[in-house]
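Q: Quick one: structure below, then a few questions.
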Amino acid sequence: MSKNILIVAGDGIGPEVMGEVKRVIGWYNDNRKFDAVVSHELVGGCCYDAHGVAVTDETIEKAKAADAVFLGAVGGPKWDKVPYEARPEAGLLRLRKDLELFANLRPALCFAALADASSLKREIVEGLDIMIVRELTGGVYFGEPKEITDLGNGERRAVDTQVYTTSEIRRIAAVAFDLARKRGNRVTSVEKRNVMKSGVLWHEEVVKLHDEQFSDVKLDNMLADNCGMQLAKNPRQFDVIVTDNLFGDMLSDVAAMLTGSLGMLPSASLGAKDANGKTKSLYEPVHGSAPDIAGTGAANPIASILSFAMALRYTFDRGACADLLEKAVDKVLADGYRTADIMQAGKTRIGTKEMGDQILKALGELNA
Ligand code: NAD
């Protein structure tokens with residue numbers, strides 16, 4: 001049965017970078033029997049212009065039915081004054097919510113050719129390949145009560161509530177263990193069980209699930225503050241890190257920035273498995289719509305193309321195809337091609353489309 005991919009390119013550079021992803025999907029259809037059918041819908045400011053909302057109900061239904069959704073980026077100054085509920089980001093947030101995407105996957109991958117661009121020494125980051133799995137729909141960002149109270153004596157009191165249940169912890173941990181089996185087979189579970197009850201429960205539930213269902217995967221437990229230090233000191237010790245919403249927010253940014261520019265960072269958000277074993281998924285670059293360079297043909301499409309590599313590995317179970325695409329990106333960088341955002345002295349500066357051309361050429365060469 002053919003695969004059903006929905007592309008929502010969005011605003012700004014979204015359509016430019018997603019155009020290159022579409023060409024890469026076409027290459028896999030032609031050369032690796034990928035058999036994907038691609039359709040397009042509007043989300044974000046472009047959808048507001050056409051329909052007066054940031055995403056339509058029809059698009060949400062199409063996204064639910066798709067095997068994977070690929071998003072470019074949404075937003076831009078053009079829509080700064082639209083009503084709050086119709087702002088471009090509302091479309092993306094509704095997609096994440098309605099698809100119940102509770103697991104956010106952010107890899108930190110260091111391409112050898114870019115190792116010198118890291119703020120850390122080459123020998124510390126070269127070959128780095130970490131996956132951070134962040135719980136996305138629970139924890140302190142959503143827990144109630146969440147309020148600021150006036151105490152009436154000139155003081156105010158603010159409360160956020162960190163809350164997790166057994167099932168929320170088990171489902172995110174299961175995603176991490178599953179991913180680890182497709183990678184280096186190691187999971188580091190990160191919490192603060194020394195000072196937080198939610199950390200105690202997190203630790204107990206992850207260990208219990210591991211013993212019950214994933215004892216073939218190596219599990220380590222680490223306190224979140226130590227994890228921050230270890231990421232800066234010796235990041236290559238990690239394979240998969242699983243953590244809550246708050247710690248994941250920070251640790252994924254730290255890990256991503258070990259290796260590079262915004263134009264290089266892919267991400268995925270996954271939901272629960274349905275009765276047929278199918279998982280809803282949304283793949284997107286970490287960057288936004290970059291209005292400052294939109295329409296100039298200068299955007300780096302690699303973050304979006306690497307998001308497709310993630311889909312090959314995690315939604316479509318085509319690990320060898322994902323490896324090939326990552327090798328192709330590696331080769332193009334090693335051959336000295338750079339978009340403006342990752343430009344270095346002595347390298348060849350190219351635009352969005354030429355980067356797509358080079359990646360397709362490298363795929364062809366590596367496939368031969
Ligand atoms: P941004 O990520 O769009 O841009 C930040 C800087 O990085 C800019 O200088 C931009 O030119 C550069 N950049 C980003 N992606 C690049 C790429 N692929 N190639 C080359 N350079 C790239 O962040 P911003 O400027 O803070 O936000 C712009 C708009 O995007 C805002 O409307 C914001 O709300 C929206 N946004 C959307 C998402 C999303 O759709 N997921 C995420 C972040 C921001």
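Q: Determine, from the Cβ-Cβ distance of Lys146 and Asp335 and an R0 of 35 Å, the FRET efficiency 1/(1 + (r/R0)^6), rounded to the nearest 0.05.
A: In this case the efficiency is close to 0.10.
Q: Which value, in debye to the nearest 20, describes the size of the charge dipole of the stretch 129-258 about its Cα centre when Lys and Arg Cβ atoms bear +1, Asp and Glu Cβ atoms bear -1, and nothing else is charged?
A: 360
Q: For the stretch 210-311, build the charge dipole from Cβ charges (+1 Lys, Arg; -1 Asp, Glu) around the Cα centre, then report which of Ile293, Leu282, Leu223 sits farthest towards its positive end.
A: Ile293
Q: Taking θ as phi - 60°, what are the ³J(HN,Hα) couplings along the stretch 58-63 by the Karplus curve (6.51, -1.76, 1.60), each to the nearest whole Hz, with x for Gly and Pro?
A: 4, 5, 4, 5, 5, 5
Q: Would you work out which of Leu312, Leu262, Gly45 lies farthest towards the positive end of the dipole of the chain, given +1 charges on the beta-carbon of Lys and Arg and -1 on that of Asp and Glu, about the Cα centre?
A: Leu312
Q: Also, I was wondering about something else. If you filter the stretch 1-102 for trypsin sites (Lys or Arg not before Pro), then keep DSSP loop positions with at most 13 other Cβ within 10 Å, what is left?
A: Lys33, Lys81
Q: Rounded to the nearest 20 debye, what is the charge dipole size of the chain about its Cα centre when +1 sits on each Lys and Arg Cβ and -1 on each Asp and Glu Cβ?
A: 640
Q: Under the rule a/c < 1.5 gives rounded, and otherwise a/b versus b/c splits prolate from oblate, where does the stretch 129-258 land using the Cα gyration tensor?
A: Cα axes put the stretch 129-258 in the prolate bin.
Q: Right, something else. Please work out the C-alpha center-to-center distance from the stretch 132-195 to the stretch 65-87 and express it in whole Å.
A: 26
Q: Please figure out what share of the DSSP beta bridges in the stretch 129-258 is antiparallel and state it in percent, rounded to the nearest 5.
A: So the antiparallel bridges in the stretch 129-258 amount to around 25 percent.
Q: Another one. Have a look at the DSSP beta bridges in the chain and tell me what percent are antiparallel, nearest 5.
A: Expressed as a percentage, antiparallel bridges in the chain total about 45.
Q: Could I ask something else about it? Just going by the charge dipole of the chain, with Lys and Arg at +1 and Asp and Glu at -1 on Cβ, which of Asn234, Gly364, Leu251 is farthest out on the positive end?
A: The residue sitting most towards the positive pole is Gly364.
Q: Still on this structure, I have one more. Which value in deg cm²/dmol, rounded to the nearest 500, describes the helix-derived mean residue ellipticity at 222 nm for the chain, given -39,500 (n - 2.57) per DSSP H run of n ≥ 4 and division by the residue count?
A: -13000 deg cm²/dmol
Bear in mind these aren't lab numbers, they're just calculated from the coordinates by the rules spelled out. Keep in mind the model is a prediction, meaning the values are calculated, not measured. As a convention, Cβ positions derive from the backbone with ideal geometry for all residues, glycine included, and neighbour counts pool all protein chains shown.
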